[in-house]
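Below is one structure; the comments refer to it alone.
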Amino acid sequence: MKTHSPPSNSSLGFGIAPQPVRARRRKGGERSAVRTPKILVVDPDSEVRRLTVARLTGANYSVEFVESGKTALDACIRSRPNLVITDLQLPDMDGMSLLTELKSRWPQMVVIVLTTHASISEAVQATQRGAFGFLVKPVGKEELLGQVQRAIAVSTFARSDGNWRVNIVSRSQLMEDRLSIANRAAASDAPLLLTGENGTGKELLARSIHAASARRDKRFISVACGNALEHELELEIFGEEPDESDSPEAGPGGAFQLACGGTLMLDEISELPMRLQVSLARALSNYQVPPGNGRGAARADVRLICTTSRDLEALAKRGEFFRELLDQIGILAIEIPPLGRRREDIPLLVSHFLEQATLPGDQKKMYSPKAIELLATTDWPGNVRQLFDLVKQNVALSHGKKVMSREFVQQSLGSAPAAIPTYEEARDSFSRDYLAANLQSTAGNVTTSARIAKRNRTDFYKLLARHRLHPEDFKNGGAAASRRSAGVGYDDSG
């Protein structure tokens with residue numbers, strides 16, 4: 001039976017999660033044999049930092065260290081440590097402020113505060129702000145490791161079965177809200193519908209939900225609904241019809257059988273032919289797998305996740321999607337926002353993609369601040385997948401360059417990249433369009449146009465002068481105004 005799993009880089013919704021090309025033939029969401037708690041150490045003192053890191057790594061913890069509050073926040077966004085150990089004296093912000101920010105963003109994060117000069121008031125303040133512990137430098141090895149052990153015991157590490165969102169890179173509150181819903185949805189076996197534009201990462205989120213569920217040790221099976229002929233797709237989903245020669249051991253069944261006990265994802269469910277939509281709806285209604293490959297009808301112990309980049313409700317109203325199936329798969333729905341609605345994630349994604357696109361031993365690359373600004377304000381119709389492709393291209397073509405400039409990035413985007421206009425540019429464009437439409441509707445009558453705009457004539461004339469609009473151009477159907485807008489016979493010097 002043919003497999004239609006996407007290639008390894010096609011599920012780049014929020015980060016990079018390399019998957020085997022033929023994902024149907026493997027178990028998905030498997031946990032590694034050993035998990036190590038992650039600890040972030042925040043301390044500007046290099047000697048104290050070195051000693052702390054050495055003690056923690058010697059105790060088999062995974063440790064990252066930074067020197068400032070801002071880099072600590074970025075590190076937490078990127079790697080989600082189970083524990084943060086921070087000094088009170090930081091170069092860019094005090095440790096209390098960092099503690100407050102950490103607990104505000106991630107209430108479940110465990111934080112231990114270090115200080116050189118202890119005071120009862122500081123200890124009380126740190127406790128009130130949510131600190132788990134308060135240690136005074138110099139800290140003895142046993143005291144440090146004992147406190148860390150107790151902190152890890154109450155952290156999310158002790159309560160979670162794997163880091164389900166390890167491949168999801170995001171700092172935006174919008175995405176955090178969606179991920180919170182996804183984490184809650186993972187506890188259910190109800191069908192789940194993931195919606196969003198192409199390239200936003202629907203498959204990656206589906207795999208993360210599987211990893212957060214009780215089914216994580218079973219298979220994650222993915223079927224692309226638009227990449228096969230109808231008959232092939234029917235066999236892939238439901239398996240072969242039994243005949244007299246078939247035996248119960250007659251080879252692999254369809255995706256429902258392969259995903260038994262695990263999760264089945266139907267990618268782009270809107271592409272499923274109508275006949276198969278009806279078959280799927282009937283299967284879900286009876287919670288039975290249709291007979292396939294000699295096995296006969298069986299209870300379908302499968303968590304179904306469907307994805308779509310189209311409006312299924314609109315398709316159903318036009319009769320292009322089976323209404324009963326939509327009612328069944330849309331019980332729980334999560335919309336993944338496009339990259340344009342979470343632009344604050346772009347710098348973090350770029351940093352993540354740079355690491356992924358740079359081969360071991362190659363020179364580390366980085367973007368200039370102006371290049372990052374360009375990437376953050378550019379329109380991305382292909383969303384995160386398009387951004388990753390651009391970073392890969394930039395790394396491949398930046399021969400001998402460690403820092404990639406704005407000009408270099410703009411060349412790869414094209415001579416005229418679609419960028420978000422500034423607020424002033426957008427306002428001026430709207431104002432000119434409004435004034436032109438207003439004059440067009442009144443055939444150039446300034447008195448009437450000013451009244452519609454709720455402006456006096458003097459102010460209205462000033463607005464027209466600012467945007468170089470002439471009332472007489474609109475008195476004869478706007479022909480002259482159209483020529484001016486097109487630049488025909490128009491002297492821009494005045």
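Every number here is computed from the coordinates shown, using simple stated rules; none is lab data. Fair warning: this is a prediction, and the values are worked out from it, not measured in the lab. Using ideal geometry, Cβ is built from the backbone for each residue, glycine included, and neighbour counts are taken over all protein chains shown.
Worth a mention:
- The slack in the chain from Ser68 to Ala54, taken as 0.36 nm per residue of separation less the alpha-carbon distance, amounts to 3.1 nm.
- Here the spin labels are modelled as points 7 Å beyond Cα on the Cα-Cβ line, and at His399 and Arg427 they lie 4.7 nm apart.
- The residues packed around Glu64, meaning those with a beta-carbon under 13 Å from its beta-carbon, carry a net charge of +1 if Lys and Arg are +1 and Asp and Glu are -1.
- Between the stretch 353-375 and the stretch 424-448, the C-alpha centres lie 45 angstrom from each other.
- Kirkwood hydrodynamic radius of the stretch 341-413, Cα pairs, Å: 12.2 Å
- Inverse mean reciprocal Cα-Cα distance (Kirkwood Rh) of the stretch 38-159, Å: 14.0 Å
- Packing-based order for 383-392, 460-469, using average beta carbon neighbours within 10 Å, highest first: 383-392, 460-469
- Taking the Cα centre of the stretch 38-159 as reference, the dipole from Cβ charges on Lys and Arg (+1) and Asp and Glu (-1) amounts to some 520 debye.
- Gyration tensor (alpha-carbon) shape descriptor, the stretch 170-240, a/c threshold 1.5: oblate
- Förster radius 56 Å - calculated FRET efficiency between Arg323 and Val124, Cβ distance, rounded to 0.05: 0.40
- Whole-Hz ³J(HN,Hα) from phi, Karplus 6.51 cos²θ - 1.76 cosθ + 1.60, for the stretch 71-87, glycine and proline x: 5, 5, 5, 4, 5, 5, 5, 6, 10, 6, x, 7, 8, 10, 10, 10, 7
- Relative contact order for the stretch 38-159, counting Cα pairs under 8 Å that sit 6 or more residues apart, in percent: 24 percent
- The ranking of His352, His210 from fewest to most other beta carbons within 10 Å of each one's beta carbon is His352, His210.
- The stretch 341-413 - charge dipole about Cα centre, Lys and Arg +1 at Cβ, Asp and Glu -1, debye rounded to 20: 80 debye
- Of the residues Gly130, Gln108, Thr86, the one whose Cα sits farthest toward the positive end of the charge dipole of the stretch 66-137, with +1 on the Cβ of Lys and Arg and -1 on the Cβ of Asp and Glu, is Gln108.
- Residues Cys76, Cys260, sorted so that the one with the fewest Cβ neighbours within 10 Å comes first: Cys260, Cys76
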